[in-house]
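Each value in this text was obtained by applying a stated rule to the coordinates, not by laboratory testing. Owing to the predicted nature of the structure, the values given are computational and were not obtained by experimental measurement. With ideal geometry, Cβ positions are generated from the backbone for all residues, glycine too; neighbour counts draw on all protein chains shown.
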Amino acid sequence: MPTLLIIAALVIGAAALIPLVQSAIATSTNGNVHRLEQQRDDWQAKTQELELEVATMAGLDRIEKKARAELKMAEPKETRYITVEAAAPEPRMLPSRYLPPKTDEKQAGPSIWEQLLDWLPLP
Amino acid sequence: MASKRSRKRGVSWRLGAVVTVITLAALGLVLRLVQLQVVDHSHYAAEARDIHVAKETVTGRRGALLDRNGYPLAASKDTYDVMVEVKSWEDGKDAAQAASAIAAVTKGDPQKMVSDVQGAEAYEIPVARSLDFDAASKIRELGLQGVRLLRGSTRVHPEGNLAAQLLGFVGQDNTGLTGLEADLESLVGGARGTVIFERDGLGNQLALGSRSERDPQPGSQVVLTIDRFVQRMAERELDRAIKEHKATGGTIIAVQPKTGEILAMASRPTFDLTNPDLSDDSKLALFRNRAITDQYEPGSVFKLITAAAAVDLGLVNPNSWWYDSGTVNVDGWSIRNWDFSANGSQTVMQILAKSLNTGAAWLAQQLGPERFYDYVFKFGFGEPTGSGLGGEVGGRVRTPDNDSGGWRTVDMATNSFGQGISVTPLQMVMAVAALANEGKFMKPMLVKEVIGPHDKQMSEPQVTRQVVSADTARTLLDMMGVVVQGIPQNLLDVQGYEVGGKTGTASIASDAGSYKGTYISSFIGVAPLEDPQLVMLVKIDEPKDIPWGTVVAAPAFSRIAQAALAYFKIPPQVADLVRR
């Protein structure tokens, strides 16, 4: 009888601990989510800064200054044009970072389940 | 017995008093609780919410403005404001320490930070604004109590001040104030979001606190028709011409005639786009896009329009003869040539080549007011071009219909050579672009593509109307080619390409209506003449040394066209310059 009482007390104690454990896990998970969101936002911000740094480095003024000062380049006095018997290159595409994310072609059509549902005589 | 009874009565009295006091106290507590919980519930609930619950407006990332090849001309990056909870800096010593730590990162004044915070009545205030990512990370690592970072956004211009008036700028609230930033606000602005959350003493979000959120929507990226290379070339040549001729300002617009795409739109004087000065109202004039807001009398370049109308109606052809006596009398007024010359028998071709005012007036007389102004309106004058740019004006064309009291026949004569009529630089370039596009007037295009979060929209060139026949347009282009042959090579020589154009030197009218002895020098050109890919207007305001468009404006056209044609890989027509 005392053993049963001890076991029952332990079970009740353990059951009482479950909400506490759940709460602790939820708190911990929530904290992790916030931390990861923070990290994601930080990386996005850092990526933006780097993108703009690249764009600034590609600025025409900077390129000309570098060309003149470091590479000692100058504008040509005479221009000669050479025709090349080859197909013209593709026009420069927009940098991918400015394009919308590609849609998954698999998702474009209805799924098997949607097709099955279409067969059903639903209103 | 009596003393026992009196003691019992005394106890009973004291007990009664204690019970009464306790009862009254309990009643007071209950009443106070009722006041707090029921009567003033909303007040205290709001106060508690203000302390524990934060509401933040989150801006979506503003879309970038890109040039036609995808190079960003204006883009946004995240920045951070350092917010301090006023209550947490009540202690002077702690506040000074925290402010010193923040100031070490932001290079700010710690004493000012403390005084700002301690004098504030708000819950929290910013002590530093627009920090970059690295500085914000350092502040966060300090872990200061009552200090948090508020994410915001700032506009960056990788090409510096390029196309300043056209692009415009945004205000502190990240909303476009001028230029395309304002005109395209609905596209690039995105939508604001809101986050409401419970916070701890540090101002950080509680892990298990309640939270509601409405996500911000990022703005669309807008690909403009502007080409950064041509734009930069135009601005550089504009600055050079203004400096060489001590002019007060000017405008250059370059257009692709077949599509109406605007490749460059530059105006001077300009402003510092990266740090616009809003301190003085007089500086506001610098922000306006003069290519669309300022009207001017175009002068002799307008003879192209008069000649095109006369040729299109079959009244004349380039070889039609006319006698120039040096004067045309209209309503008692004498119209003379710019050099007071009398040239005798001349062809219509020579009217343009020698820029004869008398010839233009004669052409207008052949047309008559109704047909003359009909063509003027068909070429797009007198109404905005439909560029979509805010503040665009339509110019002023006075006709017998819209100004029956003030209009006189001599007005048509002066209008025929571009005086007494007001146009914008964009109207002028689009009108000549129609001649370079087989007579088709295009709607000017500034937006090539809009790339949204979920879709992409391409702009298509739009033909507004057929202004003159393709044959007339070709004839006028050939006449423009002959005009250019009369310009010395040291002023206009686009090596390898045949180009056409027309110069203009227009007197500037004073506020009183008379001419004040200052000029606008301009040149409008087409290149290459055989298959036009570029139409460009160069307009220089009030040059001090010499007024002639040939000398002041044509060289700028020559240099820009030479560079732009090679840049666009348009092969030269002169075989000697080409090696296979």
Open item on the list: On C-alpha positions alone, give me the angle between the axis of helix B:554-567 and the longest principal axis of chain B, in degrees, nearest 10.
Closed with: 70 degrees
- [ ] Among the trypsin sites (Lys or Arg not before Pro) in segment B:51-107, which ones are in a DSSP loop with at most 12 other Cβ atoms within 10 Å of the Cβ? Mind listing them?
- [x] B:K107
TODO: Using only Cα atoms, tell me the angle between helix B:41-52 and the longest principal axis of chain B; keep it within 0 to 90° and round to the nearest 10.
DONE: 70 degrees
Open item on the list: Checking the a/c ratio against 1.5 first, then a/b against b/c, what shape does the Cα gyration tensor give for segment B:456-523?
Closed with: oblate
Task: segment B:411-503 pair-distance distribution - Cα-Cα, 10 Å bins, rounded % - done: 13, 30, 34, 15, 6, 1
Task: Two-decimal Rg to Rh for segment B:209-260 - Kirkwood Rh, Cα set - done: 1.39
- [ ] Show which lysines lie in cross-link reach of B:K93 when reach means a straight Cα distance below 29 angstrom and same-chain residues fewer than eight apart are skipped.
- [x] B:K107, B:K112, B:K138
- [ ] Work out which GluC sites (Glu not before Pro) in chain B are exposed loop sites (DSSP not H, G, I, E or B, at most 14 other Cβ within 10 Å) and give the longest gap free of them.
- [x] B:122-529
Open item on the list: Just to be sure I understand: if I project the alpha-carbon convex hull of segment B:430-580 onto a plane and average over all orientations, what area do I get in nm²?
Closed with: 13.6 nm²
Task: B:W338 versus A:D42: modelled label distance in nm, points set 7 Å from Cα along the beta carbon direction - done: 6.6 nm
- [ ] Would you list the P(r) distribution for segment B:390-443, with all Cα-Cα distances sorted into 10 Å bins from 0 and each bin expressed as a whole %?
- [x] 21, 41, 32, 6
Open item on the list: Need the list of aspartates and glutamates near B:K443 for cross-linking: C-alpha distance under 15 angstrom, and skip anything on the same chain fewer than eight residues off.
Closed with: B:E261, B:E383, B:E392, B:E460
Open item on the list: Restricting to DSSP loop positions (anything but H, G, I, E, B) with no more than 15 other Cβ atoms inside 10 Å of their own Cβ, which trypsin sites (Lys or Arg not before Pro) remain in segment B:500-571?
Closed with: B:K544, B:K569
Task: segment B:322-388, Cα convex hull volume normalised per residue, Å³ - done: 119 Å³
Task: Between 0 and 90°, nearest 10: helix B:228-244 axis offset from chain B longest Cα axis - done: 70 degrees
- [ ] Calculate I(q)/I(0) for chain B by the Debye formula, one identical point scatterer on each C-alpha and no solvent, and give its log10 at q = 0.08, 0.09, 0.11 Å⁻¹ to two decimals.
- [x] -0.67, -0.78, -0.99
Open item on the list: Give the residue list of chymotrypsin sites (Phe, Trp or Tyr not before Pro) in segment B:38-138 that are DSSP loop and have at most 12 other beta-carbon atoms within 10 angstrom.
Closed with: none
Open item on the list: Against the 2.2 N^0.38 Å scaling, with N counting residues, where does the protein assembly as shown land? I'd like the Cα-based Rg ratio to two decimal places.
Closed with: 1.41
TODO: Past 28 Å, Cα to Cα, is the threshold; run A:K77/B:K243; A:K66/B:K456; B:K354/B:K569 against it and keep the listed order.
DONE: A:K66/B:K456; B:K354/B:K569
